[in-house]
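I have placed the structure first, in the form of structure tokens, so that the comments after it can refer back to it.
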Amino acid sequence: MADLALVSAVAGHEAAGGEDVLAALSLLRHIRDEVAQWEPRLIEAARAAGISWARIAPALGVSSRQAAERRYLRLRPDGTTTSTGEERVRAERDRRAGDRAAVLWARENAALLRRLAAAVGAVDGLGRDAQRSIDHVTDALGGADTADLLSPLADASPYLRESYPDLADRIAAVGDQVDRARHDAGA
């Protein structure tokens, strides 16, 4: 807080010397860098606490949940030095569009997915890890949303490759179609 007080004192004093002004500008840059690191962490903490984007928006001084989320995506570090905030926003939007396309594809191809999952669920004689994976497929098969079958089927595929290559190939074909739907949605 002493740094902020110094910056405030220099900013409020018209007769401040050049060195004081430069020192205040340097401190201000440091404070800005610190705040820039805090904001995405605080937003993540708010989201982890179950606070909606709509409630976060006014605290950030923006007018909508979309604006709050865009601000977070722009500020959030992504571990690379090559992507800008707008690129992260675009990438997140594309990822979500791809997810929606995959869910839509799964729902439109529900019968195919349920038949494939039933065939995988009928497999026996594999090891414990394979059986656990197959059980996940069976559990998802009992669910209401066929999109919930996509991940368990993909996870089961490697266990089926050696003993049941036809099933593994069918799962791979589904994966290819889902990937194509994701790609087309982001294009």
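The values are calculated or read from the model by the stated rules, or taken from the named source; none is laboratory data. As the structure is a prediction and not an experimental result, all values here were calculated from the model. Using ideal geometry, Cβ is built from the backbone for each residue, glycine included, and neighbour counts are taken over all protein chains shown.
Have a look at ARG96, ARG107, ARG132, ARG128 and point out the one that is closer than 30 Å to ARG74 by Cβ and of a type outside the set (S, T, N, Q). Break it down stepwise before answering.
Values: ARG107 fails: closer than 30 Å to ARG74 by Cβ; ARG132 fails: closer than 30 Å to ARG74 by Cβ; ARG128 fails: closer than 30 Å to ARG74 by Cβ.
None of the other options fit; the residue is ARG96.
What do you reckon, is ALA117 touching a Leu at 6+ places or on another chain (Cβ under 6 Å), surrounded by 12 or more Cβ atoms within 10 Å (Cβ to Cβ) and at pLDDT 90 or above?
Numbers: touching a Leu at 6+ places or on another chain (Cβ under 6 Å): yes; surrounded by 12 or more Cβ atoms within 10 Å (Cβ to Cβ): yes; at pLDDT 90 or above: yes.
Yes: the conditions hold for ALA117.
Just the residues that are over 16 Å from the mean Cα position of the chain (by Cα) and surrounded by 13 or more Cβ atoms within 10 Å (Cβ to Cβ), please, taken from the stretch 47-67.
Result: ILE51, ILE56, ALA57, LEU60, VAL62, ARG65, ALA67.
Which of the residues that make up the stretch 13-36 are closer than 23 Å to GLU69 by Cα and free of Cβ contacts under 8 Å to residues at least 24 places away in the same chain?
Result: ARG32, ASP33, GLU34, VAL35.
Return the only residue of ARG132, ARG96 being charged (D, E, K, R) and in the same structural domain as ARG170 (by TED's automatic domain parsing). First the steps, then the outcome.
Details: ARG96 fails: in the same structural domain as ARG170 (by TED's automatic domain parsing).
Every option except ARG132 fails the conditions.
Scan the stretch 169-187 residue by residue and report those that are over 13 Å from LEU113 (Cα atoms) and free of Cβ contacts under 8 Å to residues at least 12 places away in the same chain. Lay out the reasoning, then the answer.
Restricting attention to the stretch 169-187, the residues satisfying the condition of being over 13 Å from LEU113 (Cα atoms) are 169, 176, 179-187.
Residues satisfying the conditions are ASP169, ASP176, ASP179, ARG180, ALA187.
For ARG132, all conditions in the list (1) in contact with a helix residue (DSSP H, G or I) (Cβ under 7 Å, 6 or more places away or on another chain); (2) in a helix (DSSP H, G or I) hold save one; what is the number of the exception?
So ARG132 meets the others, but not (1).
If I filter the stretch 25-38 for residues that are surrounded by 11 or more Cβ atoms within 10 Å (Cβ to Cβ), within 22 Å of ARG95 (Cα to Cα) and within 35 Å of the chain's Cα centre (by Cα), do I get at least one hit?
For the stretch 25-38, residues surrounded by 11 or more Cβ atoms within 10 Å (Cβ to Cβ), within 22 Å of ARG95 (Cα to Cα) and within 35 Å of the chain's Cα centre (by Cα): absent.
Looking at (1) surrounded by fewer than 14 Cβ atoms within 10 Å (Cβ to Cβ); (2) over 17 Å from the mean Cα position of the chain (by Cα); (3) of a type outside the set (Asp, Glu); (4) at pLDDT below 95, which is the only condition PRO77 fails?
PRO77 satisfies every listed condition except (2).
Residues ASP145, ASP135: which one is over 19 Å from GLY98 (Cα atoms), of a type in the set (Asp, Glu) and at pLDDT 90 or above?
On the way: ASP145 fails: over 19 Å from GLY98 (Cα atoms).
Step by step, each of ASP145, ASP135 is checked, and only ASP135 is over 19 Å from GLY98 (Cα atoms), of a type in the set (Asp, Glu) and at pLDDT 90 or above.
Select from the stretch 153-180 the residues that are surrounded by 20 or more Cβ atoms within 10 Å (Cβ to Cβ) and closer than 17 Å to ALA110 by Cβ and write down the one among them that is nearest to the chain's Cα centre (by Cα).
That would be VAL178.
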